[in-house]
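This report concerns only the one structure given below.
The values are calculated or read from the model by the stated rules, or taken from the named source; none is laboratory data. Computed from a predicted structure; not experimentally measured. FYI the Cβ positions are ideal-geometry reconstructions off the backbone, even for glycines, and counts take in every protein chain you see. Heads up: the accessible areas ignore ligands, DNA and RNA and are worked out on the full protein's heavy atoms, side chains in. Shrake-Rupley method; radii C 1.70, N 1.55, O 1.52, S 1.80 Å.
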Amino acid sequence: MRWVENTFFDHLDKFGNSLGYENFGIAFMLSMVPWETPTDRDNFIREITGQDVKGGEPSNFNPDYLEF
Amino acid sequence: MVSGGFRPEAEQNNPFSVSGTGGNGQSGKFVAEKAAKAAQLRPSGFTQGMNTAISQQISEGGNVATTANAANPASKLPSGEGIAQLLGAIEPLDSEPQEFRPITDGIDGYSGRGSEVIPRSLNPNNRQIENVDLIKRYLPDLLNAARIPGAPDSYKRMINSLMREIM
């Protein structure tokens with residue numbers, strides 16, 4: 001099992017990092033939206049934040065990084 | 001004197017026996033007076049038929065046949081006791097008028113009331129409480145997702161940060 005784009009956890013990564021950890025509750029709810037494509041989701045994030053999307057890109061995925 | 005029969009010399013058989021005033025004679029004057037009288041009795045400008053109908057309604061008395069409350073005030077308005085009950089049911093929302101409150105109303109440490117008057121849903125601490133609730137409830141799943149091979153660093157950092165928050 002590997003990290004897959006356009007899934008709940010991928011959405012959570014993007015929304016949580018783009019909206020800020022303090023808005024985790026909102027990010028959680030928005031991650032449950034069945035976004036048609038990652039592009040649609042990212043466009044939505046750009047619209048509401050006015051900034052580029054933050055969060056891990058597939059090329060940056062690092063399976064070894066975990067503190068706990 | 002002979003009575004009856006056709007008399008050629010009679011007035012009605014005289015073709016030159018025409019009133020000197022013509023149409024403005026007594027007969028015409030009478031019609032003009034009647035017209036003026038009718039107009040005087042019809043000040044509202046209604047047509048003659050309408051005026052007659054209204055006059056008939058007025059003379060018969062009673063309420064005008066309509067559903068408008070204004071036309072039948074007595075039949076629709078509540079009684080004095082009903083009004084008193086209605087007014088008694090309306091209570092003031094707040095004894096202090098809102099327009100007299102300072103602009104700092106709702107902020108602690110300034111004039112006006114403190115943050116206790118702000119609805120709970122607008123309290124910024126609620127968001128923190130909501131975050132902690134969500135993290136606690138879904139922590140096992142969030143942790144498992146962080147262990148998925150290929151999970152981005154940003155996700156792991158976020159989970160680490162949120163875990164620190166609830167500890």
Checklist outcome for this item: Between B:N144 and A:D40, the two model label points (7 Å from Cα along the beta-carbon direction) sit apart by a distance in nm of 2.7
Item to check | Those residues of the stretch B:138-167 for which accessible area with every protein chain present is at least 50 Å² below the isolated value (1.4 Å probe) | outcome: B:I148, B:P149, B:G150, B:P152, B:D153, B:S154, B:Y155, B:K156, B:M158, B:N160
Checklist entry - To the nearest 10 square angstrom, what accessible area does B:R127 show with a 1.4 Å probe? => result 120
Item to check | Buried accessible area, chains A and B (both chains, 1.4 Å probe, Å² to nearest 100) | outcome: 2500
Checklist outcome for this item: Accessible-area loss of at least 50 Å² in the complex relative to the chain alone (1.4 Å probe) applies, within the stretch A:6-25, to A:F9, A:Y21, A:F24
